Amino acid sequence: MSKQQLFQFLESAREMPAKVPLEARTSGSFDELYGRFGKAEAEHQAGRCLDCGNPYCEAKCPVHNYIPNWLELVQQGRVIEAAELCHETNPLPEMCGRVCPQDRLCEGACTLNEDFGAVTIGAVEKYITDTAFAQGWRPDLSKVKPTGKRVAVVGAGPAGLACADRLVRSGIEATVFDRYEQIGGLLQFGIPSFKLDKSVIATRRAVLEGMGVRFKLGVEIGRDLAIADLLRDFDAVFLGLGAYRYTDGGLPGQDHPGVLPALPFLVHNGRLVTGRDPQGQPIAGWEDHVPLPELRGKRVVVLGGGDTGMDCVRSAIRLGAASVTCAYRRDEASMPGSAREVGNAREEGVQFLFNRQPLEILAAADGALAGVRVVETTLGAPDANGRRSAVALPGSESLLAADVVIIAFGFAPQAPAWLAELGVQAQANGRLVVGGNGRLPYQTGHDALFAGGDCVRGADLVVTAVQEGRDAAASIARALRGMKAIPSHLQQA
Ligand SMILES: Cc1cc2nc3c(=O)[nH]c(=O)nc-3n(C[C@H](O)[C@H](O)[C@H](O)COP(=O)(O)OP(=O)(O)OC[C@H]3O[C@@H](n4cnc5c(N)ncnc54)[C@H](O)[C@@H]3O)c2cc1C
Ligand code: SF4
């Protein structure tokens, strides 16, 4: 690296691709917020990397992407090689480049972050994959030797897709089942288009199908097909079931029709945005749920400050709400999601009320929704996970007026009954138990059943689901070669 290149970060500021103009966003555009780097911009931004000897970005990335190496390839205009390298660690780099909370992961750990602005790692990752796909690049499986083994993957979310990708690269046939009519899991039915355009998922589907992955969609295991059928017809099964048990907070009055659970709201709206008929497509687990109310001109309050909450507030802005307020029970620094998305929400006009805990949903005398009674909080002692609890301040109650309340407190996994019958254990919080003494990583209590992603970790991130699906595929390949788990006394601590 030349001296001039080494100090490029001093001369060039960190820059993200241009955003959709604010006016378009606040008047209903669901277009992906960030545009794409052109060749020159990508090369320039990649050139800001210091190529640290011990790259913290790489360590902090859950899939341990070879970030400085692919940044260097981009700088040299070698985008196809960069795409190859991206895919060595990450089966879905174009998704992660778009939706990872980079400010908490790779970019947050970048040496330049504090004083000069982190390298725009996510945007370059998106540029690499989009450009390579547009140029016709596809993963090369010509050297893969078929093993004759077949694996069923239940769930076409990031965990299932990553697993299927790695299985076919190991010569194992992969058939992916999903109860939904499209692949992607929450990428498709949860995350709004302004964060991830759905054409990106369609491209990935075509790429995976080109690699030989088969999809059987609209099939719910346990309802349309029994797990016993999969165990009979396949050599192993991977479960990437996600986390769909809704946390409603148990607020008095929450059954009021003006109160919406976050996910059906986002899914219904996502279907409208992408031109699919929401009435004809039941939302799995929410079949009886009433359609979306009109939000135009309404005062909307969203309870919860995570990624889901941010997606709800920003969708409500685009749907023409008169005002959108996010109430969160801790302070801003404790918000679990991406600070970048909070900044975007604020820019779009969302009001934030921190240290407010909801107590009950109140109706007016005519039955219409009146709002949410909230109490102010202060931060108390850290809990077992090190998170400081929100402690209510007596006498600080007030009414937060609202026409519509959206509850976005998060999700937890729920182990289906058919798994328990097969000896697959779940913790009290619904998380499937995998690995441990005598088991391969991601192997459940049943030898042929493996699991990963949100159903194992609890609701988390796309990139952690990708990592688990990827690594579960390696375990499955080992198991199918007849390899056993390393006894616990020989495992590394
Ligand atoms: C609104 C929202 C916004 C989010 N935003 C972000 C973000 O910006 N960045 C980020 O990193 N993470 C985000 N997340 C989290 C991220 O989407 C999840 O952590 C990730 O999708 C988990 O992947 P998964 O494959 O484990 O599960 P999922 O994506 O949930 O996929 C599971 C799939 O399994 C299918 N399935 C379940 N049971 C069955 C069955 N019995 N038969 C057939 N199919 C079945 C489901 O239909 C689903 O398609 C967000 C989550 C939500 C809810
Ligand atoms: S996968 Fe996510 S964390 Fe890793 S480099 Fe890409 S954007 Fe950063």
Task: Sole residue being without any contact (Cβ under 8 Å) to a residue 40 or more places away in the chain and under 28 Å from W70 (Cα atoms), chosen from S142, S193 - done: S142
Task: Residues of the stretch 351-387 classified as under 25 Å from V463 (Cβ atoms) and in contact with a helix residue (DSSP H, G or I) (Cβ under 8 Å, 6 or more places away or on another chain), total - done: 1
- [ ] For T26, work out the one condition from (1) under 30 Å from L319 (Cα atoms); (2) open to solvent by less than 40 Å² (accessible area, probe 1.4 Å); (3) of a type in the set (S, T, N, Q); (4) more than 10 Å from ligand 2 (Cβ to nearest atom) it doesn't fulfil.
- [x] (2)
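Strands (runs of 3 or more DSSP E) wholly in the stretch 206-271 with at least 1 residues that are charged (D, E, K, R) - which ones?
Values: elements: 214-217, 236-239, 259-261.
So the answer is 214-217.
Take the conditions open to solvent by less than 10 Å² (accessible area, probe 1.4 Å), under 30 Å from R314 (Cα atoms) and away from ligand 1 (no atom under 15 Å from the Cβ) and apply them to V207. Does it pass? Don't jump to the end; show me each part of the working.
Working: open to solvent by less than 10 Å² (accessible area, probe 1.4 Å): yes; under 30 Å from R314 (Cα atoms): no; away from ligand 1 (no atom under 15 Å from the Cβ): yes.
For V207, the condition - open to solvent by less than 10 Å² (accessible area, probe 1.4 Å), under 30 Å from R314 (Cα atoms) and away from ligand 1 (no atom under 15 Å from the Cβ) - is not met.
Of the residues in the stretch 51-73, how many are more than 13 Å from ligand 2 (Cβ to nearest atom) and among the hydrophobic types (A, V, I, L, M, F, W, C)?
We begin by selecting, within the stretch 51-73, every residue more than 13 Å from ligand 2 (Cβ to nearest atom); these are 51-54, 72-73.
With the extra rule that they be among the hydrophobic types (A, V, I, L, M, F, W, C), the set shrinks to 52, 73.
Qualifying residue count, the stretch 51-73: 2.
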Task: Elements of type helices (runs of 4 or more DSSP H) in the stretch 62-168, at least 1 residues being over 15 Å from the mean Cα position of the chain (by Cα) - done: 67-75, 79-89, 106-109, 113-116, 121-134
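How about the stretch 147-162: which of its residues are touching a residue at least 60 places away in the same chain (Cβ under 8 Å) and over 9 Å from V466 (Cβ atoms)? Lay out the reasoning, then the answer.
Step one: of the stretch 147-162, the residues touching a residue at least 60 places away in the same chain (Cβ under 8 Å) are 147, 149-162.
Selection gives T147, K149, R150, V151, A152, V153, V154, G155, A156, G157, G160.
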- [ ] Count, please, the residues in the stretch 219-269 that happen to be at pLDDT below 95, closer than 24 Å to A202 by Cβ and open to solvent by less than 40 Å² (accessible area, probe 1.4 Å).
- [x] 7
- [ ] Restrict the check to the stretch 191-213 and report whether at least one residue is at pLDDT 95 or above, closer than 23 Å to A417 by Cβ and touching a Lys or Arg at 6+ places or on another chain (Cβ under 6 Å).
- [x] no
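Yes/no per residue for (1) at pLDDT below 95; (2) in contact with an Asp or Glu (Cβ under 8 Å, 6 or more places away or on another chain); (3) assigned by TED's automatic domain parsing to the domain that holds P336; (4) closer than 28 Å to D307 by Cβ:
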{"position": "A18", "(1), (2), (3), (4)": "no, no, no, yes"}
{"position": "R25", "(1), (2), (3), (4)": "no, yes, no, yes"}
{"position": "G47", "(1), (2), (3), (4)": "yes, no, no, no"}
{"position": "K60", "(1), (2), (3), (4)": "no, no, no, yes"}
{"position": "P91", "(1), (2), (3), (4)": "no, yes, no, yes"}
{"position": "L105", "(1), (2), (3), (4)": "no, no, no, yes"}
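The values are calculated or read from the model by the stated rules, or taken from the named source; none is laboratory data. Computed from a predicted structure; not experimentally measured. A quick note on method: Cβ atoms are made from the backbone with ideal geometry, for glycine too, and the neighbour counts reach across all protein chains shown. Side chains included, ligands, DNA and RNA excluded: accessible areas come from the protein's heavy atoms. Shrake-Rupley method; radii C 1.70, N 1.55, O 1.52, S 1.80 Å.
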